[in-house]
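Report on the structure given below.
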C-alpha cells in the first residue's frame, strides 16, 4: 500500500513539474535566448538555444528527485547563466565568440567574468534584450514571413506545427525558413537592439504581426486537446505591454493591437462549455464576458487615436468592440461592422478578412448573397487549405437547405482542423443535419 501511495505521489509530483516547466518554457525561454544571444552573438543563436534546452533538461532531472525549488524561474536562469559561464571559459581562446565588444571583453578575465555575467542577467535588462532580439529578427533584409516564423519559433517557444498553422503552410516549409534565417544571422552578425527612431515604424509592424499571430494561436490553438491556451494569450499581451512601456515603441498601432487583444480575451470563458464543447458567438453567455478587459480595451483603443496612420489593428479593434458592446447577438450593429470591413479591405487584401466579411453579409443579406461573396475571394487556392473557409461554406449551404453540399464542406473542414474540439463541433453539425 505504501509503495502504491509513493508511486501516486511521485507521478503527481512529476506532472506538476512537467506543467511548471512547460509554463516556464513558454514564459521565459525566449528571454533567456535573447540574453544568451547578446552574450554569444547572433551568429551563435543555436548555441544559445542549446543552453536553454540544457537548462530545462537539468531542471527536469534535478527537480524530479530533489523537489521543485521555491523560485523555479530564478533556478532556471541561474542554471542557464552557469552553463554560459562554462562555455565562455572553454571557448574564450577560440574564434567562436566575438569578444571585441567592450562589454564582452570583461568576460574573458576570471576576475570580471562572474560579475559581468551577472550584469547581463539583471532583471531590468532582460526585457529590453528580448525586445532588442525581436527587432533583430525583423531586419529589413529578412523576408517578413521568415521574420515572424523565427520570432515565433525561437523566441516565443512555438512548435514547428503551431507556426505552420499560423501561416497555413507545411512544417517542412517552416523548417526551411528557420534554416535560412539562422544562416543570415550567422553571416551578418546582427546586433540585437531596438532600432533607431527612423526605422522604428517599419520594424515594429513585423513585431506586432508576430505578437498577433501568437495571440491567435492562444485564442484558437493548434493543440488537439484544447481550444484556448491562456498562456499564449497572456504572453502576447505581456509582450505588447512591453512595447507600450518603452517610449521608443509607444506607437498607435501597438495601442490598437492591445485593444484588439483585450476585446477578444474578454470572451474566452464563454467560448467553450465545461465539457469542452465549442460555443459560437450567437450562443455565448455575454454575462460572463470580462467587463474589466472590455473597459481596458476601450481605453487602449482611445489611446491609439493619434498619428496619421489608420492600421488594420485600429479597424479590427473597432469591429471587436462592436461585438463586445452588443447586449445580445440580435442587437449587433451589422451595418456598422460591414462598413468597418469595407474600410479594412481598402488597406489589406488578406483573404481571411474577406471571409469574415462574408459572415457579416450572411447576417445582413442572407445565404445566397453570402455564397456569391465567398466565391469572390481573391485567393481561392490558399483558402482551400483553410478549414474555416469550408466551415463557412458548410454553414451557408446549410442555411440554403442544400444538405449534401453542407455535409461535403463540413467534412472538408473536419479533415483540415487538428483541434479535437473543433472536430467534435463539426461532427455535431453534420449529425444535426442528418437527424
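Each reported figure results from applying straightforward, stated rules to the coordinates on display, with no laboratory input. Everything numeric here is computed off the predicted structure, so don't read it as measured data. Every residue, glycine among them, receives a Cβ derived from its backbone with ideal geometry; neighbour counts consider all protein chains shown.
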Check: Summing -39500 (n - 2.57) over the DSSP H runs of n ≥ 4 in the chain and dividing by its residue number, what mean residue ellipticity at 222 nm do you reach, to the nearest 500 deg cm²/dmol?
Finding: -22500 deg cm²/dmol
Check: GNM on the chain, C-alpha springs below 10 Å: top fluctuator among 217, 123, 422?
Finding: 123
Note to self: Checking the a/c ratio against 1.5 first, then a/b against b/c, what shape does the Cα gyration tensor give for the stretch 80-209?
What the structure shows: prolate
Check: Using Cα pairs under 8 angstrom and six or more residues apart, how large is the relative contact order of the chain, in percent?
Finding: 12 percent
Check: What number, in percent, do you get for the relative contact order of the stretch 1-121 if the mean sequence gap of Cα pairs under 8 Å and at least 6 apart is divided by its residue count?
Finding: 25 percent
Note to self: If I take every Cα pair under 8 Å that is 6 or more residues apart in the stretch 130-244, average their sequence separation and divide by the length, what percent do I get for the relative contact order?
What the structure shows: 30 percent
Next item on the list: Just rank 231, 54, fewest to most, by other beta-carbon atoms within 10 angstrom.
Entry: 54, 231
Next item on the list: On a 0 to 90° scale, report how tilted helix 171-188 is relative to the longest principal axis of the chain, with both axes built from alpha carbons and the result rounded to the nearest 10.
Entry: 40 degrees
Margin query: Using a Förster radius of 45 Å, what is the FRET efficiency between residue 100 and residue 431 based on their Cβ-Cβ separation? Nearest 0.05, please.
Written below: 0.10
Note to self: Looking at the chain as a GNM with Cα springs under 10 Å, which of 95, 398, 323 has the largest mean-square fluctuation?
What the structure shows: 95
Check: Nearest 10 degrees, 0 to 90: what angle lies between the long axis of helix 230-245 and the longest principal axis of the chain (Cα atoms)?
Finding: 70 degrees
Notebook entry, point to check: Between the helical axis of 197-219 and the dominant principal axis of the chain, each derived from Cα atoms, what acute angle in degrees is found, rounded to the nearest 10?
Noted result: 60 degrees
Margin query: If packing is taken as the average count of other Cβ atoms within 10 Å, what order do 330-336, 127-133 fall into, highest mean first?
Written below: 127-133, 330-336
Notebook entry, point to check: In nm, to one decimal, how far is the modelled label at residue 230 from the one at residue 20, with both set 7 Å along Cα→Cβ?
Noted result: 1.9 nm
Notebook entry, point to check: Which shape class, rounded, prolate or oblate, goes with the stretch 1-121 when its Cα gyration tensor gives a ≥ b ≥ c as root eigenvalues, a/c under 1.5 marks rounded, and past that a/b bigger than b/c marks prolate?
Noted result: prolate
Margin query: Just to verify a number: FRET efficiency for residue 280 and residue 347, C-beta to C-beta distance, R0 = 35 Å, to 0.05?
Written below: 0.80
Margin query: Would any residue of the stretch 408-435 have its amide N under 20 Å from a label point 7 Å out along Cα→Cβ of residue 382? List them or say none.
Written below: 413, 416-418
Check: Using a Gaussian network model of the chain with C-alpha springs under 10 Å, which one of 194, 87, 268 is most mobile by mean-square fluctuation?
Finding: 87
Check: So what is Rg over Rh here for the stretch 335-435, counting just Cα atoms and using Kirkwood for Rh?
Finding: 0.98
Notebook entry, point to check: Principal axis lengths of the stretch 387-435 from Cα atoms, whole Å, largest first?
Noted result: 27, 22, 12
